[in-house]
Structure formats: C-alpha cells, structure tokens
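The values are calculated or read from the model by the stated rules, or taken from the named source; none is laboratory data. Here the structure is a predicted model, which means the values were calculated and not measured. Cβ coordinates were reconstructed from backbone atoms using ideal geometry, including for glycine residues, and neighbour counts include every protein chain displayed. All accessible areas refer to the heavy atoms of the entire protein, side chains included, with ligands and DNA or RNA removed. Shrake-Rupley method; radii C 1.70, N 1.55, O 1.52, S 1.80 Å.
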2 protein chains.
Amino acid sequence: MDVVAQLQAALGARVDVSPAALRGARADRSGHSSSGDPLAVVHAESVADVQQTLRIAHTTSTPVVTRGAGTGLAGAANAGPGQIALSMRRMDRILEVRPDDLLAVVEPGILNADLGRDLAEQGLWWPPDPASREISTVGGNIATGAGGLLCAKYGVVRDAVLALDVVLADGRLLHLGHRSVKGVTGLDLTALMIGSEGVLGVIVGATLKVRRITPGSPCSVVAVFDGVRSAAAASATVTASGVQPAIMELMDAASLAAVHSLLGLTEPAPGAAQLTIQTDGPAAADEADRIAEMLRGAGGAVTVSHDPDEGEKLLAIRRSMHPAMAARGMTLIEDVSVPRSALAAMFDEIARIERVHGLTIPTVAHAGDGNLHPNFVFDGPDVPDVVWRAADDLFRAAIRLGGTLTGEHGIGTLKARWLADELGDDQWRLQQDIVRVFDPAGILNPGVVFAHTDAAGHTDQKDPDA
Amino acid sequence: MDVVAQLQAALGARVDVSPAALRGARADRSGHSSSGDPLAVVHAESVADVQQTLRIAHTTSTPVVTRGAGTGLAGAANAGPGQIALSMRRMDRILEVRPDDLLAVVEPGILNADLGRDLAEQGLWWPPDPASREISTVGGNIATGAGGLLCAKYGVVRDAVLALDVVLADGRLLHLGHRSVKGVTGLDLTALMIGSEGVLGVIVGATLKVRRITPGSPCSVVAVFDGVRSAAAASATVTASGVQPAIMELMDAASLAAVHSLLGLTEPAPGAAQLTIQTDGPAAADEADRIAEMLRGAGGAVTVSHDPDEGEKLLAIRRSMHPAMAARGMTLIEDVSVPRSALAAMFDEIARIERVHGLTIPTVAHAGDGNLHPNFVFDGPDVPDVVWRAADDLFRAAIRLGGTLTGEHGIGTLKARWLADELGDDQWRLQQDIVRVFDPAGILNPGVVFAHTDAAGHTDQKDPDA
C-alpha cells in the first residue's frame, strides 16, 4: 500500500488530496513555493492523528513538513513533491486557562489573536505579538521563535513558554518542561524546541506563561525626524535613559512615504523618518511625557497622546507597512537584528547597500530591540539575483555589527545558505548532530535550516528562489 | 607522561595538587563529598587554559568536573578519584558593560554579588538572585539554572542570558547566541546550556541581559497567619489578584520558630507561619497597601513599611533561614516546585510526609513562583535512609501536583535516580543522546544528572549519600 493509501486507511477524510489543498500547502507568505505538489495534506485533529501520521511517515521514510497557518516568511513550511504536509490548523482548542497559575494550555493550531481575545476575557494576555498575529498560529509562533513589537519590554517567545508536548519523527510523544515557573530537571528541551522550525519534532501542545493585562491605558508618542539616522540615534537615547517603552517602532523615509501614499495622507517631507512609541503600565503618562521631552531634545517634531484611541490611530501608520509594500509588488521581507546601539550604523549600511546595488530598500525597525525589517520589492515571481546579492551584503553587515541573520522570522529554506557564516562550522555541524538525535532518518522538514553545504560554501539545494 | 604531568607541562603553577586544594574540590555545599581526592585542580585563568585542559583530558580520556565557587546544593561539582577538577573561579573579569545595549559580558568565575555591585555603579542589575549570591559564581548560576527570590516578576536565568562561549569536551571553542535582544538563527544552544550542570561543555564567557535599576524604593509587607495552609492560600490570592510583588516568601511554623530562636526574638505563636512581601517600581507603595488589605482579609496580622531600611530588617528573618538550619545540624535542602495554585496542597503533602516518616521538615517557599525548600536536618555526615525515603515521597508528591523535582538547584548526583521518573524513559534517553553529541567520550561530569539506571530503576552509581 502506498503512503497516501496508508494515511487514508488510518485517517480517513482527514487526508486531503484535493488540488486546492495540495497547491495551498506549497507556499508560505515568503513569496516562495516548493517545486510541486506534496503527496497529501493531513489535517490532524488530535495528538493521535499526528502520531499516526508520523508512524506511517517513519516506516515509509516519507518526509513530513509541518504547517500552521502558512504565514511564515522564511519558506520553512512549504511542502513539495514526495512530502506529506501535516497541518496543525484544526487543533485549535484552548484546553485550560489558569489565572491563578498565570498559564494557559493550548493546542498549536489556535491563532495568536484568537487566543488573545479569549485570554482578555479573563484579564490575561500572552505577550508574543508578531505582526501576523491575526493570521498566524501559536504553534507556528513557537516553532519559528516569532517576535513582535513588545519584545524589549515583555520578552521573546522563549520567555513565554513553560512546557511543550512534542511528537518525535517516529511517532513517540514527549512531555517537555513544567507547569511551574521554575524547573531545572535535566536539559531544557522546551527551549531547544522554540525556533527549531519543524526539524526536531511536531509541537502538539503548549503550556504558555501568560500575564495579567497591564492596568491603565497606553500613551503614545510620535516623533518625526529629518533623517533615519537621527531617528535611530533618538531611539538609542530613549533606551539608554532607562525609560522602557512597550513599543518603539522606527520607519525610514521610503517606508513612511509608501504608507502615507497607501493611506492617502499628506506626503511627508523628503527624507523624514518617524519614531512611534507606546508606554504602558502605572507610569505610562509620565513616561510618555519624559520620552517626548527627550525626542524634542534630539530634534524631533513630537506629538504626544494620552488617549488610547488616538494612540491606535498613530500606530496604524506603522501597522500599514506590509499592505503598503504588498501594493507595490512582490516583497522579500528581511529580518536582521543588531545590538540597539548599532541601529544607526546598520541604517548606514543599508544606505550603502542601496547605493552599491542600485536599490531602494524601505526599512522599518523594532527600535526598542534592534530588529530591522528591510523590504526588497520586486516584480515576481522570482527574487532577482541583485536582491539576493544585496541581502547577502545585508546579512554580512549585521553579523559584523554583532547582530544576526534573523531576529524573529527564522532560517527556513531562504537563509539556510548563510547559516554556517553566523554559527561557524563547528556549531553548524553540532546542531545537525543534535537534529539527528531527534530524527535519525531526517524525515522532518528536510532541507530546512540545515541545507547541505560543501566545503566551498556551495549548497546542493536548489536555489531558494526556485 | 601521566595526565598530571601533561597538565603541569602545559599549565605550570595553575595545576594545583596541594592536599588542601584536592580536598576542597571534593565537596560542594550539599553536605556530600566524592569518595576521594581528584588528580589535580586546574585554576584556569583564560579560555586557552580551559581549552588546553580539555585537550589533555580528551586525549587521555580523563573525566573533568568543572567548578565555580563550589556552592552547589546537588553534588554536581564534586571531583573524585581519577578526575580533573577544573576551577573557573579565577576567570572573574567583567569584560564589557553596555548600558545602551543593556548587556554585560563577563567571565564565568565572577561572584554574582560582585557583578551586582559593579553594575549598580552604572545603574544596572542582573536579576538572578540566588540566596547564595554573595558566594556563588555567575557561571555556576548559569550552569545550574539557579533561581532566587525575584523570579516570578523578573524571570529565571534562561530569561537573562543572551550568549555563551563554551569549550567542548575536545577543547574546541563555540560562540552560542547573540548580542541582540532577538535572534533565532538555528537551534537555541544558549538555552540548552543553561542548567546543563557541566555535562555539555564548559562555560567560559557569558553575555548577560541586564536591566536598569528599578526607580523608587521597595515597600514591604509582613503578615503572620495561624497556619501554613492559610499563609499559602493568602499568597495564592495575591498572585491571582494581578498585583505582582517582586518578592513573596513564605516561612512555615518550624522555620519561623528556628529563625526567631537563632536571632533571639520573641517566640512566635505555635503553628504561626509568615509571608514576607516586597513590591517595587513606580507603584510600589500603592501595591504594598493593596496587598496588605488582601492579607488582612485573608486573616493575617499585617505590618506594612514604606521604608526600605525597615523592609530589609523584615526580610532579614527570611534570609536567616540557612544559618538557622545550619545551627541545628547537617541539612539536606530540598527544592521541589509546583504550580502556584498547588502550594497549599504541597504543604499538606509535607505535613503528611512528616507524620508518615516521623520527621520535622522546616520549609520555606518562594510563594510567588511555587518553589519550596523543605529542609531535612540530621546528624552528619551521611543522610539517614529515612530522610531519603521521605525525600522520595516528597518528589513523587510534587510531580503528582504538576510540579518538578528541582526548581533551581539542579539534579547533580543527589537526584539523578529520580530523573527518569519525571522525564519519562523516552525523554531521559533522548537527553543522554544529546549529551553524547557534545561529549561522545563522556568525560564531562560523568555520573552527574544522568546516572545509569537499569530497567528496574536501580542505579549502578554509588549511593548519592556515600
């Protein structure tokens, strides 16, 4: 019996071979697709379904690509020929919310924003807030180590997960971590799973560390500067002052102009860059006023609002960045991260890369944590070579400044060829040896994160833009 | 040339074979020692020294036990016959402090409190605050995943480390992690190292996530209850209310009486248990007042202080717990952790265990995070069988309540025989396979964390109390 027949015998109608489903499983939101349809999409509805699927995949040596909502930006969940796409989207239940223990137990397929709405009814929230939160799953957020706007103040995903249930490549179920705040029993495999992009196992349940909703209303500060460098320097001043904004976003001139155009707003002054800041908690108003004063001192034209609705309107400009780029063509959204003090230097590097490669690279940054999203806009479907050359230049600049290839999107297939540059060869090999412990046959997400590279640095994977 | 001669040829006077040094390396603060002197103590003064030591250990298949200040409570750093004790204590420099990036780069041998004093001069602090902070090293804190009093509000060690430099068993140096707040490049080996107790590699450098010192003075609340159960329930009420104390400590009747006796204070009422709470930040005074009201409502006799000096005096009672126990005999300090809502139930279990085994078990708890330290006091040098039987009962109760064997002290040698009970056999074996990737020959801390256990659960290690 072939693999699909075996899956169908075991899982019935949860095995989907409709052309639309197969086609849909080929792509994420990176703009890249696999080279053809996968064998089948399995819509898992239970832990047992996942175990069954992996047992069949294991005995037939069939690769499995696990998917949440398919909103990834690194090509990590694109299933192709000969592969099973394992969709976790239907496993979307909230199993338990404990306000007394500040934890929630969920299935991986729930959308981040749906969880947020449910938690809010009990006065709780889960801090990870990727821009995709309305459309991305909690399981996907964990598997990619997704970030968001609030990380400087409220931490990254690694800080917000207590325990994970994981199905291994051979179908065995492991319970990793604890329900308690503290726990140091053995190796921290919960942390190892976070950001592992589907190569170690399938996350089938998560115990999340939640917080009480911060009392009081957020306050907002928007400041326009004459250039991105002065805006970046001003954000560094805020960080160094010790005031801790919840959100501090930076938009460069090209980004700001594109959003203004999309929203039909008055065109900003040439070169103008913007900082958008929110403070929260009991000292929100006082902190907003102090930040406003600092930004005025740094040469910004400043607007302060203590009104939350007005604040959301101010943030809407930042939140419209993705639509503004999408309106212009295909977009490769990059994701380098640098120490906060290097933010202005990284913008200098981006300006240099724009000049050298003859490109415009609209860039937004989570200035509070040093994470930049340079956007490469092009006419699809394939990423032009010049864009990959500029991206290569960008990654090397970020690493030189003490930063990293990816702050929150992950390596996927798109950045696999740069991974060893950052990790070093010894660590790169060690990481692959760890993957082999979890998945000796290499059936989980093959070619993702660790594409094979020869000694000269050439990959034997197909080009990521293929 | 034998191992010691090779070490001496390479490292000269940094190889210490004095009887005092060898004897000192046999024990930590758990009350347990190895069965005899190690071969030598290497006082590493540089990364190169560590690499050299491990190269010699690797080629001669000699086990290496890495030590910080020897303040561990689980027997993880006790070097014995045929082993090299590798002391990191002399590598105690602060290499870099960046207030603008909120990070500090340090060598592992620096004492936690020494780092704290240096950071304070720049308005910064590193949150992990184990009770041992005046005498324990940052490297040891990281290697054990040490906790402390502030974890509920300010996180655990895993949340406070950005990057680690690690020397592998064969002497190779790896750089793990990032200087940036965000970073998801490949597997998170930084997190995997935290709490790994010396079995994966030797931490030779750490990039720490530091915070600005919280503005304002802390406020304190002390509440005495008629029993430990009502004190535990009151602490759960505080957590559930959404107010977030920085510190919330619980002392049971036996602990409170022992400390009062040590300090020459008036004897507390029979059965009386105490909560000691500190609030900090801009809303400290308001939060202290709200907590005081809740605790009065829960039946507590409450004292509130907005004066920091008076607050330190109130905390001194809690901080005198270790001396109070030490004054009574040898102490085995246990370290179970449960979800916060199970705190009262765990105290019920401790009362049951006291009855069943005919023991008194003075217990303090970090009530804000659910971590309990039951103290078994006995006449030395060996832990009596009845204490191990009671401890076994304690661990099983904690796991039944959704908790863990160890919140912040680690497994070491003392708890290795219970590890598989918590992890399950599959995860226990998987973790050992991961260790083998880092250290194929098994020369790093053999017998620590993963003692070999046969199918019937019997260990072939010597008894932990031997």
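Listed values, structure above:
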| item | result |
| --- | --- |
| Failed item in (1) of a type in the set (A, V, I, L, M, F, W, C); (2) in contact (Cβ under 8 Å) with a residue 40 or more places away in the chain; (3) more than 17 Å from residue A:388 (Cβ to Cβ), with residue A:353 passing the rest | (3) |
| Any strands (runs of 3 or more DSSP E) falling wholly within the range A:67-117 and containing at least 1 residues that are over 21 Å from residue A:3 (Cβ atoms) | A:94-98, A:103-106 |
| Residue count, the range A:175-184 (criterion: part of a loop (DSSP other than H, G, I, E, B) and open to solvent by less than 10 Å² (accessible area, probe 1.4 Å)) | 2 |
| Of all residues in the range B:215-227 being more than 14 Å from chain A (Cβ to nearest Cβ) and surrounded by fewer than 22 Cβ atoms within 10 Å (Cβ to Cβ), the one that is farthest from residue B:276 (Cα to Cα) | B:217 |
| Candidate set from the range A:188-209 (those that are open to solvent by 10 Å² or more (accessible area, probe 1.4 Å) and at the interface with chain B (Cβ under 8 Å from one of its Cβ atoms)); member that is farthest from residue A:62 (Cα to Cα) | A:188 |
| Hey, residue A:370 without any contact (Cβ under 8 Å) to a residue 40 or more places away in the chain, at the interface with chain B (Cβ under 9 Å from one of its Cβ atoms) and under 20 Å from the mean Cα position of the chain (by Cα) or not | yes |
| Options B:68, B:31: the member that is in contact with a strand residue (DSSP E or B) (Cβ under 6 Å, 6 or more places away or on another chain), over 14 Å from residue B:444 (Cβ atoms) and modelled with pLDDT under 95 | B:31 |
| Candidate set: the range A:407-423, residues that are at the interface with another protein chain (Cβ under 7 Å from one of its Cβ atoms) and out of contact with any strand residue (DSSP E or B) (no Cβ under 7 Å at 6 or more places or on another chain); chosen: the one most open to solvent (accessible area, probe 1.4 Å) | A:423 |
| Selection count where residues are facing chain B (nearest Cβ under 7 Å) and either surrounded by fewer than 23 Cβ atoms within 10 Å (Cβ to Cβ) or within 21 Å of residue A:29 (Cβ to Cβ) (or both), scope the range A:390-403 | 1 |
| Failed item in (1) modelled with pLDDT under 95; (2) over 24 Å from the mean Cα position of the chain (by Cα); (3) not polar (S, T, N, Q), with residue A:16 passing the rest | (1) |
| Pair list, Cβ under 6 Å, 6 or more apart: the range A:333-345 residue surrounded by 24 or more Cβ atoms within 10 Å (Cβ to Cβ), other residue aliphatic (A, V, I, L, M) and part of a strand (DSSP E or B) | A:336/A:372 |
| Criterion violated by residue A:133 - all others in (1) more than 8 Å from chain B (Cβ to nearest Cβ); (2) in contact with a Pro (Cβ under 7 Å, 6 or more places away or on another chain); (3) basic (Lys, Arg) satisfied | (2) |
| Residues within the range B:138-168 that are more than 10 Å from chain A (Cβ to nearest Cβ), touching a His at 6+ places or on another chain (Cβ under 9 Å) and either of a type in the set (Lys, Arg) or buried (at least 23 other Cβ atoms within 10 Å of the Cβ) (or both), tallied | 2 |
| Checklist (1) open to solvent by less than 30 Å² (accessible area, probe 1.4 Å); (2) modelled with pLDDT under 95 applied to residue B:212, failing item | (1) |
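Quick grid of which residues meet (1) out of contact with any strand residue (DSSP E or B) (no Cβ under 9 Å at 6 or more places or on another chain); (2) more than 19 Å from residue B:22 (Cα to Cα):
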{"position": "B:80", "(1), (2)": "no, no"}
{"position": "B:83", "(1), (2)": "no, no"}
{"position": "B:93", "(1), (2)": "no, yes"}
{"position": "B:99", "(1), (2)": "no, yes"}
{"position": "B:104", "(1), (2)": "no, yes"}
{"position": "B:113", "(1), (2)": "yes, yes"}
{"position": "B:116", "(1), (2)": "no, yes"}
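Let's see how each residue does on (1) of a type in the set (Gly, Ala, Ser); (2) within 19 Å of residue B:43 (Cβ to Cβ):
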| site | (1), (2) |
| --- | --- |
| B:58 | no, no |
| B:68 | yes, yes |
| B:71 | no, yes |
| B:77 | yes, yes |
| B:83 | no, yes |
| B:92 | no, yes |
| B:96 | no, no |
| B:99 | no, no |
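Residue-wise test of (1) outside any loop (DSSP other than H, G, I, E, B); (2) open to solvent by less than 40 Å² (accessible area, probe 1.4 Å).
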{"site": "B:229", "(1), (2)": "yes, no"}
{"site": "B:238", "(1), (2)": "yes, yes"}
{"site": "B:248", "(1), (2)": "yes, yes"}
{"site": "B:261", "(1), (2)": "yes, no"}
{"site": "B:265", "(1), (2)": "no, no"}
